[in-house]
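Have a look at the structure below, then the notes.
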Amino acid sequence: MKELVIISGKGGTGKTSLSGAFAALAENHVICDADVDAADLHLLLKPTIRQRVDFLGGGQAIVRKEACSGCGRCLELCQFDAISDTFDVDPISCEGCGVCYSLCPEKAIDFPAQKCGEWFSSDTRFGPMVHARLGIAEENSGKLVSLIRREARKLAEHNRREMIITDGPPGIGCPVIASISGATAVVIIVEPSVSGLHDMLRVAELITHFTIPGLVCINKWDLNPDVTATIEKESQARGLRVVGSIPFDPIVTRAMVAGRTMVEHDEKSSFVKNIKEIWQTIMASDALMNRPENVILPVLNR
């Protein structure tokens with residue numbers, strides 16, 4: 001089973017739009033939206049939810065006053081001033097570090113896991129999909145990413161699907177690491193700007209560190225041909241194959257407004273023909289054809 005992860009150095013590069021287009025073009029696959037902090041692939045694919053499961057993340061301190069001796073040790077230990085003089089815990093100030101729970105001499109503090117979000121197993125017009133919604137300002141997004149990737153793999157194995165297409169998060173942080181660990185290949189979506197080039201190079205360093213084959217797709221290449229040429233040069237220097245360049249076209253915005261993928265919105269346009277050629281290039285690339293199957297790494301704690 002292969003897993004192709006689509007990521008970018010920053011948000012807003014067209015990553016999700018292309019992930020949706022690839023999902024429309026692929027065959028015998030499972031779709032996974034691993035951008036749990038700002039999930040939006042469902043807006044294009046309109047999934048019908050079949051299973052909804054709570055995601056339990058970090059703990060939050062609760063003082064059992066009947067067991068508390070009032071020694072004040074937790075007040076001394078808490079670096080966030082989350083515990084009042086009456087030993088009530090402010091849920092907003094509590095960072096869930098667990099120090100008070102671990103060092104309370106009376107063992108009068110509980111530390112239950114909190115619901116941080118939900119994950120879903122759904123059906124779409126392009127096949128089964130696993131996705132999630134993380135609560136506002138909640139943590140453990142890396143753990144949630146690892147969880148839904150495992151569920152996507154289980155779903156693919158159960159339904160005998162040959163590929164998982166994963167819409168990953170932007171950047172180089174913990175959620176990104178959780179989304180690419182053990183992947184077959186990564187497609188980096190980059191825009192031709194100085195900041196876009198810088199962000200792409202950071203992502204390139206990350207996938208090189210994890211020895212994951214990388215492919216590059218340049219979006220809106222015609223807005224800055226000089227930087228596009230630099231991106232191609234830097235990609236070649238790092239062993240990253242440029243699988244295609246996409247021109248700026250209002251069809252992308254029109255498709256988003258209509259809640260459809262680019263492929264569905266205007267299937268006969270030259271723009272969509274270019275997207276299809278990029279997808280065929282990705283599927284025929286050495287990164288996917290010659291890469292042995294990997295094992296998804298253990299869940300990250302944060």
Query raised in the report: Can you name every residue in segment 117-126 that is surrounded by 20 or more Cβ atoms within 10 Å (Cβ to Cβ) and in a loop (DSSP other than H, G, I, E, B)?
Result: Phe126
Report summary line: Of all strands (runs of 3 or more DSSP E) fully inside segment 1-67, the set with 1 or more residues that are modelled with pLDDT under 95 and either out of contact with any strand residue (DSSP E or B) (no Cβ under 8 Å at 6 or more places or on another chain) or surrounded by fewer than 19 Cβ atoms within 10 Å (Cβ to Cβ) (or both) is 48-59
Report summary line: When segment 102-123 is checked residue by residue, the ones that are of a type outside the set (A, V, I, L, M, F, W, C), touching a residue at least 12 places away in the same chain (Cβ under 8 Å) and over 21 Å from Ala137 (Cβ atoms) are Pro105, Glu106, Lys107, Asp110, Ser121, Ser122, Asp123
Report summary line: Of those in segment 228-276 that are of a type in the set (Ser, Thr, Tyr) and part of a loop (DSSP other than H, G, I, E, B), the residue surrounded by the most Cβ atoms within 10 Å (Cβ to Cβ) is Thr261
**Report entry** Residue count for segment 134-161, restricted to those that are under 13 Å from Val36 (Cβ atoms) and assigned to a helix (DSSP H, G or I)
**Finding:** 11
Report task. Please work out which residue is nearest to His131 (Cα to Cα), limiting yourself to segment 68-106 and to residues that are among the hydroxyl-bearing types (Ser, Thr, Tyr) and assigned to a loop (DSSP other than H, G, I, E, B). Result -> Ser93
Report summary line: Per the filter on segment 127-163, residues more than 15 Å from Ala26 (Cβ to Cβ), among the small types (Gly, Ala, Ser) and crowded, with 18+ Cβ neighbours inside 10 Å are Ala132, Ser141, Gly142, Ser146
Query raised in the report: Give me the pairs: first residue in segment 202-221 and on the phi < 0 side of the Ramachandran plot, second residue buried (at least 23 other Cβ atoms within 10 Å of the Cβ) and of a type in the set (D, E, K, R), beta-carbon distance under 7 Å, and six or more apart or on different chains, which are they?
Result: Asn219/Glu191
Report task. Quick one: which residue in Lys154, Lys143 is more than 22 Å from Glu234 (Cβ to Cβ) and without any contact (Cβ under 8 Å) to a residue 24 or more places away in the chain? Result -> Lys154
**Report entry** Test result for Val176, touching a helix residue (DSSP H, G or I) at 6+ places or on another chain (Cβ under 8 Å), β-branched (Val, Ile, Thr) and in a strand (DSSP E or B)
**Finding:** no
Query raised in the report: What is the number of the single condition among (1) over 17 Å from the mean Cα position of the chain (by Cα); (2) within 30 Å of Gly182 (Cα to Cα) that Leu147 does not meet?
Result: (1)
**Report entry** Test for Thr166: is it outside any loop (DSSP other than H, G, I, E, B), in contact with a Pro (Cβ under 7 Å, 6 or more places away or on another chain) and in the same structural domain as Met283 (by TED's automatic domain parsing)
**Finding:** no
Query raised in the report: Residues in segment 167-184 that are in contact (Cβ under 8 Å) with a residue 60 or more places away in the chain and either of a type in the set (Lys, Arg) or surrounded by fewer than 22 Cβ atoms within 10 Å (Cβ to Cβ) (or both): how many?
Result: 7
Report summary line: Only one of (1) in contact with a helix residue (DSSP H, G or I) (Cβ under 8 Å, 6 or more places away or on another chain); (2) at pLDDT below 95 does not apply to Ser285, and that is (1)
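The values are calculated or read from the model by the stated rules, or taken from the named source; none is laboratory data. Quick caveat: nothing in here was measured; it's all calculated off a predicted structure. Every residue, glycine among them, receives a Cβ derived from its backbone with ideal geometry; neighbour counts consider all protein chains shown.
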